[in-house]
1. Find the residue count for region 28-61, including only residues that are small (Gly, Ala, Ser) and under 17 Å from residue 248 (Cα atoms).
2. Here are the criteria: (1) in contact with a strand residue (DSSP E or B) (Cβ under 9 Å, 6 or more places away or on another chain); (2) surrounded by fewer than 13 Cβ atoms within 10 Å (Cβ to Cβ). Tell me which single one residue 53 does not satisfy.
3. Test residue 111 against the stated conditions and say whether it is of a type in the set (Phe, Trp, Tyr), within 16 Å of the ligand (Cβ to nearest atom) and surrounded by 12 or more Cβ atoms within 10 Å (Cβ to Cβ).
4. Could you tell me whether any residue of region 49-64 is small (Gly, Ala, Ser), more than 11 Å from the ligand (Cβ to nearest atom), at pLDDT 95 or above and out of contact with any Asp or Glu (no Cβ under 8 Å at 6 or more places or on another chain)?
5. Which residue out of 29, 11 is in contact (Cβ under 8 Å) with a residue 40 or more places away in the chain, of a type in the set (Gly, Ala, Ser) and within 16 Å of the ligand (Cβ to nearest atom)?
6. What's the total number of residues in region 164-174 that are surrounded by fewer than 23 Cβ atoms within 10 Å (Cβ to Cβ) and in contact with a Gly (Cβ under 8 Å, 6 or more places away or on another chain)?
7. Filter region 14-26 for residues that are surrounded by 22 or more Cβ atoms within 10 Å (Cβ to Cβ) and more than 8 Å from the ligand (Cβ to nearest atom); which is farthest from residue 141 (Cα to Cα)?
8. Could you check, for region 74-82, whether at least one of its residues is surrounded by 15 or more Cβ atoms within 10 Å (Cβ to Cβ), more than 14 Å from the ligand (Cβ to nearest atom), within 20 Å of the chain's Cα centre (by Cα) and among the aromatic types (Phe, Trp, Tyr)?
Amino acid sequence: MTSAVTAVSPAIALTIAGSEATGGAGAQADLKTFQELGVFGIANLTCIVSFDPQDNWNHRFMPVDQQVISEQLEATTAAYGPDALDTVKIGMLGSPATIATVESALSERSFANVVLDPVLICKGQEPGHALDTDQALKAKILPLATFVTPNHFEAESLSGLSIGNVEELKAAAIRIHELSGAAVLAKGGVRLEGPDAVDVYYDGETLEVLSAPKVGEVAVSGAGCSLAAAITAELAKGAAPLEAAKTAKAFVTAGIEARVASNAPFDALWQGGAR
Ligand code: PXL
């Protein structure tokens, strides 16, 4: 049914991501970020993560049935054609099966902007717990991405390089661009020493270091998700990739400063911090 067109239609963005029950990370962070930046947000869920407070806040992971993931993507892409919805963010996929389902949906219709937050592990998880998932993400989703936002661990894993300083972070960003063809924002975060949180942007032409004073030395839940979601929102509104990265970094810095205290091991970023 068609209703009267509103005077100003917002840009639209889709996140294909997991739910993180406490609202810090995942699809919830993405939707709050989209809304805050004036973008109509859509979330298609891949899994539900419920931390276990009885077991050191470990992740309880429940995948969404593959058929149900396909149906969400079918509904979304039918409701909004390529002109209305050309920007998608990819967060936690969590299994090789989900990666295959999402790959086929992405291949059926081209998106101008595919922002990949290559969630390999979450804070507090052991690296390498799901090597098959990591490998499938690299093989199937990374080549489809137009923008990738690896954190320190993910940048090491994707590039195969070890990263101990900004020069090494630059080398990793360049390598990941060569592998993917995408614009890359490689995040040093609290993992690199020094007073500033340093990220490296590289798109094949421009190499730029984005720097902001660290807000404490402890990671905040939702920072990575919100950064990639803010880049997604800005791209959906028509920003150039480097501008989107700069706006997103400022948004996340303000959100970390205004973080919400939690009994979980990490406080949660507040997307309203930039207001
Ligand atoms: O922060 C990475 C992340 C992304 N998506 C979901 C998560 C997490 C970390 O906990 O649970 C659903």
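1. Summing the residues that are small (Gly, Ala, Ser) and under 17 Å from residue 248 (Cα atoms) in region 28-61 gives 3.
2. Unmet for residue 53, out of (1) in contact with a strand residue (DSSP E or B) (Cβ under 9 Å, 6 or more places away or on another chain); (2) surrounded by fewer than 13 Cβ atoms within 10 Å (Cβ to Cβ): (1).
3. no
4. Looking for residues that are small (Gly, Ala, Ser), more than 11 Å from the ligand (Cβ to nearest atom), at pLDDT 95 or above and out of contact with any Asp or Glu (no Cβ under 8 Å at 6 or more places or on another chain), one finds none in region 49-64, hence no.
5. Of 29, 11, the one residue that is in contact (Cβ under 8 Å) with a residue 40 or more places away in the chain, of a type in the set (Gly, Ala, Ser) and within 16 Å of the ligand (Cβ to nearest atom) is 29.
6. 1
7. 14
8. There is no residue in region 74-82 that is surrounded by 15 or more Cβ atoms within 10 Å (Cβ to Cβ), more than 14 Å from the ligand (Cβ to nearest atom), within 20 Å of the chain's Cα centre (by Cα) and among the aromatic types (Phe, Trp, Tyr).
The values are calculated or read from the model by the stated rules, or taken from the named source; none is laboratory data. Predicted, not measured: the structure shown is a model, and the values here were computed from it. A quick note on method: Cβ atoms are made from the backbone with ideal geometry, for glycine too, and the neighbour counts reach across all protein chains shown.
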